[in-house]
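What follows is a short report on a single structure.
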Amino acid sequence: MRDLLEQFWHDAPFPPDPFQVEAGEAIADGASVVVTAPTGSGKTLVAEAAVYLALGRGRRAFYTAPIKALSNQKFADFAAIYGPGRVGLLTGDNVINPGAPLIVATLEVLRNMIYADPGQLDDVGLVVLDEVHYLQDRVRGAAWEEVIIHCPAHIRFVCLSATISNDGEFADWVEERRGRTDLVSTDHRPVPLESMYMVKERSGAQTLHLLTTFVTRDGRRRPNPRIDRLLSMERGRRRRYKTPNRIETVERLAREGLLPAIYFIFSRAGCDAAATRLVDAGVRLTTPEQRRVIRGLAEERTAHLADDDLAVLDYERWLTGLEAGVASHHAGQVPAYKEVVEELFGMGLVRVVFATETLALGINMPARSVVLENLSKFNGESHELLRPGDYTQLTGRAGRRGIDTEGFGIVLHSPFVNFDQVTEIASMGAHELRSSFGPTYNMTANLVANYQEHEAAGLLEASFAAFQRDERRTEAGDRIEALEEQLRRVEEQARCDHGDVEQYLALVEATGPSRRQDGVRSLLGAGDVLDVVGGARDGRYAVLKRLSSKSGGARYLVLSTSGKVSTIGHKQITDASHKTGALDLPAPMRPRDRRFIEETLRLLRKVPPRPSGRSPSKHLPQHPVAACRDAEHHLSALHKANRLRRRIAQHRAAQRSAGHGLVEEFAAIRELLGELGYLDGWSLTARGQRLRRIYNEMDLLMTEGVERGLLYGLDPPDLAALVSVFVYEARMDKSPGVLWPTSELSARWAAIEELWAEIAALEQRHRLPPTRRPDPGFALIARAWAAGDMFAELPAKGMAPGDFVRNSRQLADALRQLRDAVDELSEDAATTLAVVDRGLVAAQGIG
């Protein structure tokens, strides 16, 4: 094996990096490997070495990817290396050369093969799981764990992942399931990354575009006087800078020789608008000869699309952008458009691509620079900052190996993300990989079909979710031990020689509400001088402003006599506290401005000190502890002790719940399936046999709809409409209501809704996660398409062409499952599939 490996390295386009050599040697020695490395670092070469070794030993290999586009790309890559006759493609809707020695497949296809007939894999020696960090995906993630758990024992695994913070934990789990597994991890980039910050600064009549490095290559903030000046301006009164616009940014990159670039905008509409704006502004990044090549390739790759479809897809504007060297790339586009952009960008003919973050997943599109217009994005409800590791993932495309000596990650200034946050996000970071595994109805049916009861329970306990649960139990135990030690110290501080502090606290709380309602806590305003007597915040403060209340209590922004600005809440203002005076605060009120703080502090220090003989005791209830000079300290300690006791109780509850879960959920699913007639003890009924072949997020609802006759006796357009409700999910929270065109369809939809409500009630009774509500938002579009309408004629207002294609492909996949799983529906499903899988929907290149 080592000889084969050496031959592979000899033929590789670049000398292997140390981590690639380490992983290759482990594979040659018969181990599985987990490889974690930044995007663009060369993980794929490890997988290619593993494939070369497997084929050299006369074994078959499976290369799995999370998305069809990546499967298509790897199929083309491997076909170019080994020849089309030795490579196959399985993507659910496309089957090419399924008996080939090397199969490229989507992950779910391999999972389904394992459940249907694991004997099909007897001659397979290797499975590559590309982008394995996808296992944390809420909907699809469990399939990765199912493959690792259920694959025949003789098969070795190569798991490729972006950098994750708990790679050791994941590798330990894989080793527990697959035998010897070596972890090979690196944060090294073969092409170093320069992280830069770009801001538009207006100085008089001159506009400057500051482009400067702000993070070192090892992820630390780099001192930079120009940036420090920028920060001082940010805290001052006048803002003399703003975000460079897209035209200015691209022109600056072109002048600096920083193209080609991927320009990330977290909005489909934003990407399209940016590409259009550049072209309309006259930006041209290509030569006449390049434009000729671009037009020829684009025409060739879109020749299969009908003229009417091209018109709807605004083909001429898209082509004009390509010829200018500018394009957008996002999930709302049809696959043919995205594939052309990817190919032209790889050839260096398209110089700027405006893309959403989905481009960061897998597709091989290296650039010289990556631009991040903003470090926050809308999650459907609110804007949130990128998570640790996102910056590393997105900028992983920057730097073309063998072409560039360095890549550039360029962050544009945003008034909504301060520079300290930018630095923190851009620093080296990684996600923690968390399992999303949980038993489903389909998984339960397949476990019952393939294993004995005790074996099935053992397999659930073998999941990464269970492995992490055990880790959490240990961690919870350690946290409980630390909290109990802290509690012992705090309880000692809460003891008082004068009496029982808990009794005293009960008296204080019993008499406190009226004072809290009318006392100093709720009557303070800007400029008031507050003396807090006793407690952790004992001292004098100037009230700067009243803040929004939390839990019904007043909160204030205050300045202490030491010059510190902080927040103080009503619970920290003791009963003995009082208002001492009032200040005429400087205007305007700028709590973060140094001059404002200094002037306010000067005024605060002029207020006469509070009388030393003032005692809080007259404000307090009659109790021995009230006479203690440390009474407020004891009360504060007791409050903290009570909080610690609650935290310990919460951790103990979490520790108990971590001791079970998956097996109990599995048992609850079995009970529910038994009630509905899918199981008879530990055996599948005819219904159960059909369920095990329906791989869908709404597997039970769709199968039960079949069993109750809701999908029988329909013509293809109506069947397409009804099946779509089981696969479509609106991008927004709620789909608009549907006016069904026939009373029959309306009645059947009403029956599906009633069925969903029935299943949801069963799930609630069995304490199971609820099946999401069926969504009719695509039904009329699917019906019109299946009836033969062209894309331009569809009632698809507001739906992007790419979304239409993706939803139609999901509908086609569901129809294939019904065709193969339900004999009585097979002919109708096949006929409907034929009228759905046509034209724009079928025109997806390879897969």
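Here Arg595 sits with roughly 140 square angstrom of accessible surface, probe radius 1.4 Å. Accessible surface comparison of Asp172, Asp531, probe 1.4 Å, protein chains only, largest first: the order is Asp172, Asp531. Placing unit charges on the Cβ atoms only, positive for Lys and Arg and negative for Asp and Glu, gives the chain a dipole magnitude near 5180 debye about its Cα centre.
Between the amide H of Ser195 and those of Phe214, Val215, Gly409, distances stay under 5 Å, these residues lying 5 or more places away or on another chain, with hydrogens modeled in the peptide plane.
From helices alone, the chain scores -14000 deg cm²/dmol at 222 nm; the rule is -39500 (n - 2.57) for each run of n ≥ 4 DSSP H residues, then divide by the residue total. Charge tally for Glu827 (other residues, Cβ to Cβ under 13 Å; Lys, Arg +1; Asp, Glu -1): -4.
Cross-linked pairs Lys242/Lys797; Lys43/Lys68; Lys43/Lys200; Lys377/Lys571; Lys43/Lys377; Lys242/Lys545: Cα-Cα separations exceed 26 Å for Lys242/Lys797; Lys43/Lys200; Lys377/Lys571; Lys43/Lys377; Lys242/Lys545.
Most simply put, the chain has about 45% antiparallel DSSP beta bridges, counting only bridges with both residues inside it. Computed from Cα positions, the angle between helix 268-280 and the longest principal axis of the chain comes to roughly 80 degrees. Note that region 712-722 has calculated 3J(HN,Hα) couplings of 8, x, 10, 6, x, x, 5, 5, 4, 4, 6 Hz, one per residue in order, obtained from phi through the Karplus relation 6.51 cos²θ - 1.76 cosθ + 1.60 (θ = phi - 60°); glycine and proline are x.
Summary value for the chain: 11 percent relative contact order, contacts being C-alpha pairs under 8 angstrom separated by 6+ residues. Over the chain, accessible surface divided per residue gives 45 Å², non-protein components excluded, 1.4 Å probe.
Accessible-area rank, largest first, for Ser636, Ser376: Ser636, Ser376, with all protein chains present and a 1.4 angstrom probe. Rolling a 1.4 Å probe across all protein chains gives His570 an accessible area of roughly 40 Å².
In terms of overall dimensions, the C-alpha atoms belonging to the chain reach 96, 76, 67 Å along their principal axes, ordered largest to smallest. Compared with the dominant principal axis of the Cα atoms in the chain, helix 68-82 is inclined by about 50°.
The 1.4 Å probe gives accessible areas that order Lys571, Lys545, Lys579, Lys200, largest first, as Lys571, Lys579, Lys545, Lys200. Helix 464-494 and the longest principal axis of the Cα set of the chain meet at an angle near 0°.
Here is the list for region 49-91: trypsin sites (Lys or Arg not before Pro) lying in DSSP coil, each with at most 15 other C-beta atoms within 10 angstrom of its C-beta, are Arg57.
The values are calculated or read from the model by the stated rules, or taken from the named source; none is laboratory data. These figures come from a predicted structure and were not determined experimentally. Every residue, glycine among them, receives a Cβ derived from its backbone with ideal geometry; neighbour counts consider all protein chains shown. Note: areas computed on protein heavy atoms with side chains; ligands, DNA, RNA excluded. Shrake-Rupley method; radii C 1.70, N 1.55, O 1.52, S 1.80 Å.
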